[in-house]
Structure formats: C-alpha cells, structure tokens
1. Quick test of your reading of the structure: G147 fulfils all but one of (1) more than 22 Å from D29 (Cβ to Cβ); (2) at pLDDT 95 or above. Name the failing condition by number.
2. Under 7 Å between Cβ atoms, at least 6 apart or on separate chains: pull out the pairs that start in the range 38-67 with a residue that is within 22 Å of V110 (Cα to Cα) and end on any residue that is of a type in the set (A, V, I, L, M) and assigned to a loop (DSSP other than H, G, I, E, B).
3. Exactly one of (1) assigned to a loop (DSSP other than H, G, I, E, B); (2) at pLDDT 65 or above is unmet by T136. Its number?
Amino acid sequence: MCCEPRKGTAPGGSCSRAPIGGCGHRCSDARLTPDLAAWPVNPYGASKLSIERAGRDWVERTGRSFIAFRIGYCQHAPGNIPGPHMDHGVWGQQMWLSDRDLCQGMERAVMAHDVRFAILNLMSDNPGMRWDIEATRRVIGYRPQDGHVAVNTPDGATRNEWPVRPVR
C-alpha cells in the first residue's frame, strides 16, 4: 500500500506514476478533481506542481494559453495493455491511459480554442476510478475511447503470474 513507507522512504514516497496528489490522496476517499489541492509526496510530484505553477505565471505574464495534464498510467510495454501485471495494483489499473486516448487528449489540447489556463486529468474511461475527467471532457472535448475494469490480485501474487490480455 502506498500509505505505508517502504524501508528507507517517506510515506507514499514509492509511488511515482500517480498524478500530483495521487499518492497523498490515495488513502482518502476524495474524488480526484483537477481543482483538488495538490499533495505532492516526493520530488517527482513537487516538480509537476512547480510546472503547473510556472504555467499559470507564464499565462498571466504573456496572455498565451497553457494546458497541463495530470497524466495517468502509460506503460512502456508494447501495446500498453492494462491488467493485474501493472504496478500499484487496482490503483495503478484505475489510472490507466491507453495510447489512443493519450494521443486524442494531446491533439484536443493543441486544437483547443479559448482555453487560457487549465489543469486537467487525462486517463482512459476506467470504471471505478477516482480521477474525475469531466473537466477534461468539457474544456477540450476529450472523449476517451478505451477503458479497463481493474482486476484485484490475490495476496502474494507477482506480476508475472498473471496473463496479459487486452480489454477493449
């Protein structure tokens, strides 16, 4: 569990793939909306928060637009197929972002008009996830095409013990 520290780390310090606040808010029941106060628990999360703040300052100084994404779990493996083999168990699976949805989100952000500043969650449409993507839908017209129902793994199972199968 992310809330329990690994040896030599701070509480939550082992989760680096979660959006800003993802680990800090992991043990709560809060819906993870883009306007929820950030709760970075490690340098990775703090650096993401710094970029969001720098983007807001840049917009105020230049009048240009800036859209920051809090991107879900994209795997480096070919196909980016979700399942119980992913790190962080159900939490990791629920923040899954397909390659197709990632590309669509980026394209929508580039093509968006009249968006001065936005911080948006970018995940696929995963049932049961706590990340709210309604603002992403509304602000840039994002329509995720993929989703994954998280599979809970029994205690003691390793990632290699589970078959990888696509979910469409």
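The values are calculated or read from the model by the stated rules, or taken from the named source; none is laboratory data. Only a predicted model underlies this, so the values are computations on that prediction, with no experimental measurement involved. Virtual Cβ from ideal backbone geometry, glycine too; neighbours counted across all protein chains shown.
1. That leaves (1) as the condition not met.
2. Going by the 7 Å Cβ cut-off, the qualifying pairs are K48/I20; L49/I20; L49/A38; S65/V115; I67/A112; I67/V115.
3. Of the numbered conditions (1) assigned to a loop (DSSP other than H, G, I, E, B); (2) at pLDDT 65 or above, the odd one out for T136 is (1).
Residue-wise test of (1) modelled with pLDDT of 90 or more; (2) over 16 Å from the mean Cα position of the chain (by Cα); (3) within 20 Å of I133 (Cβ to Cβ); (4) in a helix (DSSP H, G or I).
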{"site": "P40", "(1), (2), (3), (4)": "no, no, no, no"}
{"site": "G55", "(1), (2), (3), (4)": "yes, yes, yes, yes"}
{"site": "R61", "(1), (2), (3), (4)": "yes, yes, no, yes"}
{"site": "A68", "(1), (2), (3), (4)": "yes, no, yes, no"}
{"site": "A77", "(1), (2), (3), (4)": "no, yes, no, no"}
{"site": "D101", "(1), (2), (3), (4)": "yes, no, yes, yes"}
{"site": "E107", "(1), (2), (3), (4)": "yes, yes, yes, yes"}
